[in-house]
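The values are calculated or read from the model by the stated rules, or taken from the named source; none is laboratory data. Treat the numbers as computed from the prediction; the structure is a model and nothing was measured. No Cβ is skipped: glycine too gets one built from the backbone with ideal geometry, and neighbour counts run over all protein chains shown. In case anyone asks, the SASA skips ligands and DNA or RNA and just uses the protein heavy atoms, side chains included. Shrake-Rupley method; radii C 1.70, N 1.55, O 1.52, S 1.80 Å.
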Amino acid sequence: FGPDYTLEVTLLEPEEVGSIASTADQTQQVYETFKITAEGGFALPFMSPSGEQFGEMFQNPIFVKNNKTGDWEKFKDGSTCQGFGFNFVPEVWLPNDTLVYFTEISPYIGSSFVRNRLFFLPGGELTVCNEAIVQGTGVYKRYTGGSFRENVTHLHPKYVAEITLQEKEPYDSHLENPPGVILFFNPNSTEAMEKPILNGSGATIGLRLQHPIENQDGARVGTMLAYAFVFPNPAGQTRNGNRQLFMKDGGMTIFNDHIVHATGIYAGYAGGSIEMAPTSSLNKMTLIPPRRRRTADEERHSAGERVLKTPGNVPVIVILVVALASLIWI
């Protein structure tokens, strides 16, 4: 640490969910539902020099229900949730279809709604970006790519919420080739908000954004909440943040340019990316679906491999010469 701080980074390919059997303690219970509460934890508000709170960092203890007594009990090993979040104005436009899904969390819209959290649980950890489980470890590996529902039972004076983990939905072939989608964000709308993230000296170190979302026909389809930080190189460039999109027929959680979670008609874009381009008055976002690795059967078919049956039912493999380009990912 200090001025000579250096760090070595090793990249690891994602493990298959099936590998959990060899890496996790199978005697460890998986807690699919648990509770977090502000009581017994701490919160450090992010304040502007004028006294406005625009976010906070926090640590909450985790409780699990005793199946015999029905009472919530704190984990004895000190399991916690640690995170940070940013505030947005309460007047968030949410379509009726979206409100059905977000009924549980609607009480705290406008209060640290865009958040990153780490859950330290017995037997593993969860890295969560908004409601998306970006990574699970140990016995929680199978929740990678999934999400959770957060039912806020108390907001004041102490925050209390029950959380239920949900595994990633199984692959659906109709999501294989999602249609091209272009969205527009209107920073000039009277409902738009752009406010700075300030350090203790009052200097701007980031931005909080709240923009209406429009489709290509100019119709309002949702709201984006986002934050990003400003870095000196390139000078003044705003990067490293996330976006939460609430839309009529689904939603998305986007970390930098990566779509980490998507629902509804946008589900096929989970794992994909975005391209941003400013226009004369709007910011244009193009959704790019993920590249899907071919299955073994598809690879054999692409390479021109054919399995023939001889009279004795002995398979004979014939390899056809094809272009190298046919072997790459779609």
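Quick look at the numbers
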| quantity | calculated |
| --- | --- |
| Qualifying residue in the range 230-244 (condition: outside any loop (DSSP other than H, G, I, E, B), modelled with pLDDT of 90 or more and more than 26 Å from S48 (Cβ to Cβ)) | no |
| Failed item, numbered, when M252 is tested on (1) closer than 14 Å to A226 by Cα; (2) surrounded by fewer than 20 Cβ atoms within 10 Å (Cβ to Cβ) | (2) |
| Test for I205: is it closer than 25 Å to G55 by Cβ and surrounded by fewer than 17 Cβ atoms within 10 Å (Cβ to Cβ) | yes |
| Subset of the range 167-188 (residues that are of a type in the set (A, V, I, L, M) and at pLDDT below 65) | L175 |
| Residue count for the range 255-276, restricted to those that are open to solvent by 30 Å² or more (accessible area, probe 1.4 Å), closer than 21 Å to V230 by Cβ and more than 12 Å from the chain's Cα centre (by Cα) | 1 |
| Pairs with Cβ under 6 Å, 6+ apart, first in the range 118-147 and without any contact (Cβ under 8 Å) to a residue 60 or more places away in the chain, second among the acidic types (D, E) and in a strand (DSSP E or B) | T137/E125 |
| Tabulated pairs, the range 31-55, first farther than 24 Å from G200 by Cα and in contact (Cβ under 8 Å) with a residue 24 or more places away in the chain, second open to solvent by less than 80 Å² (accessible area, probe 1.4 Å) and part of a loop (DSSP other than H, G, I, E, B), C-beta under 7 angstrom, 6+ apart or interchain | T37/Y159; A38/Y159 |
